[in-house]
1. Quick check: from the Cα gyration tensor, does the stretch 1-152 come out rounded (a/c under 1.5), prolate or oblate?
2. Just to verify a number: what accessible area does Lys151 come out at with the full protein assembly present, 1.4 Å probe, Å² rounded to tens?
3. With N set to the residue count of the stretch 280-394, report its C-alpha Rg divided by 2.2 N^0.38 Å to two decimal places.
4. Under the rule of at least 5 residues apart or a separate chain, name every residue whose amide H is placed under 5 Å from the amide H of Met71.
5. For the stretch 75-115 and the stretch 363-378, what is the separation of their Cα centres, given in Å?
6. Going by alpha carbons, how many degrees (0 to 90, nearest 10) lie between the helix axis of 50-60 and the longest principal axis of the chain?
7. Using R₀ = 35 Å, calculate the FRET efficiency as 1/(1 + (r/R₀)^6) where r is the Cβ-Cβ separation of Thr225 and Lys390; round to 0.05.
8. Net charge within 13 Å of Asp58 by Cβ-Cβ distance, Lys/Arg positive one each and Asp/Glu negative one each, not counting Asp58 itself?
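The values are calculated or read from the model by the stated rules, or taken from the named source; none is laboratory data. Given the structure is predicted, the values throughout are model-derived calculations rather than measurements. Counting neighbours? That spans all protein chains shown, and the Cβs are built from the backbone with ideal geometry, glycine included. Accessible surface is based on the protein model in full, side chains and every heavy atom, while ligands, DNA and RNA are left aside. Shrake-Rupley method; radii C 1.70, N 1.55, O 1.52, S 1.80 Å.
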Amino acid sequence: MAVAKRIEYSINNASLIRKMFEEGLKRKAEIGEENVFDFSLGNPNLEPPAGFKEVLKDLINDPAPGRHGYMPNAGYDSTRQAVADFLSRNNNAIFSAGDIIMTVGAGGGLNVILRTLLDPGDEVIIPSPYFMEYNFYLENHQGTPRIIPTKKDFSLDLNGIEGAISEKTRAVLINSPNNPSGRVYTREELLDLTRILEKCSCRFGHTIYLISDEPYRKLTYDGITVPGIFDICRESIMATSFSKDLSLPGERIGYVAVNPEITAKHTVISGLILSNRILGFVNAPALMQRAIPYLLDSSVDISFYQKNRDMLCDALADLGYEFSRPQGAFYLFPETPVKDDIEFVTMLKDENILTVPGSAFGRPGHFRIAYCTSPAVIERSLPGFERAMKKAKG
Ligand SMILES: Cc1ncc(COP(=O)(O)O)c(C=O)c1O
């Protein structure tokens, strides 16, 4: 055997999203890029805001020595302070630089959190549908996912979550706005969830944390804002990144913010910083850390995604597709008109439309359309969506 059994298994069961993306590349080579409607990956199609390149130019020309060297594992103090100030402005909580750890994207941040919190066999409750990479992240740190389906409208099933909590539960991991459903959890839902976590923490004699994965926080529509977790849940830790709101996924820059009021604060933060180091991240990319203080209040043009959402939702509703209108992120997650989501995604593929089955997010009977594409791709794909629906309805 060339590699570890666990990795061999994972290679063979590689993500359906990547599989779809790779098949798309093949199909594009065969029939031309313009004839394939690729909604498979959440790779933002907008360029970063104009100011980003200007900031980089200035930073690159900065003659000060040592700009590319090692730094404290949590990141530059100046960057952490800027992030803390940004969070203090936008939350009902006061942050200091010490509450922030700069990370290699949200994915890096989540791994740092899980490495810090989990002992082997500890469980993390995850409402589904969910970003399936979480399974790998948990496995990295010997944690076990407990998947609890959300309700039909993708709101949290609080009874289901409470019923799943046991002495093994270490955390609940939520993602809002949600990939793939586009759902934003309400303040009421989060308050109720927190009450459950507090009650169960008392019952089982250890803290059950709320981990909030928020890379889509700025991407909301119709004036909706994402409730902050910090004045709701004391035992909370957020992971986020600039991958989606600044269109910088390849630059791998994000951060973890610890609730300033969290119990055992010193130990939690020391653990996060150590984990950032020993997972081999060492620190988040230096150049990006120096850029971030200038970009915290910027974002790509969110109205671009809202227009895409509206065009897609209006057209698909007319064609008979059923879905909850996304409140944020850039995904639509309709029900499949046939029971088997993989069968329907294959029907769409026959129309050169690439989507991802709901099974890839722990929610069969649905499929995900990533609408971070050009509007022309959406428009030209609609006849294919119509034919696939007709075929499905027989
Ligand atoms: C819900 C969710 N969490 C985390 C990530 C990872 O983000 P990053 O690229 O910043 O690591 C993604 C990326 O698509 C995501 O959708």
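1. Numbers: a/c = 1.77, a/b = 1.22, b/c = 1.46.
Taking the square roots of the gyration eigenvalues as a ≥ b ≥ c, the stretch 1-152 is oblate.
2. About 100 Å², rounded to the nearest 10.
3. Numbers: Rg = 17.6 Å, N = 115, 2.2 N^0.38 = 13.4 Å.
Here the answer is 1.32, to two decimals.
4. Close amide H contacts, sequence-distant or interchain: none at all.
5. Cα centroid to Cα centroid, the span is 31 Å.
6. 40 degrees
7. Given R0 = 35 Å and the Cβ-Cβ separation, E is 0.35.
8. Numbers: positive: Lys53, Lys57, Arg67, Arg290; negative: Glu54, Asp62.
Overall, the nearby charge balance is +2.
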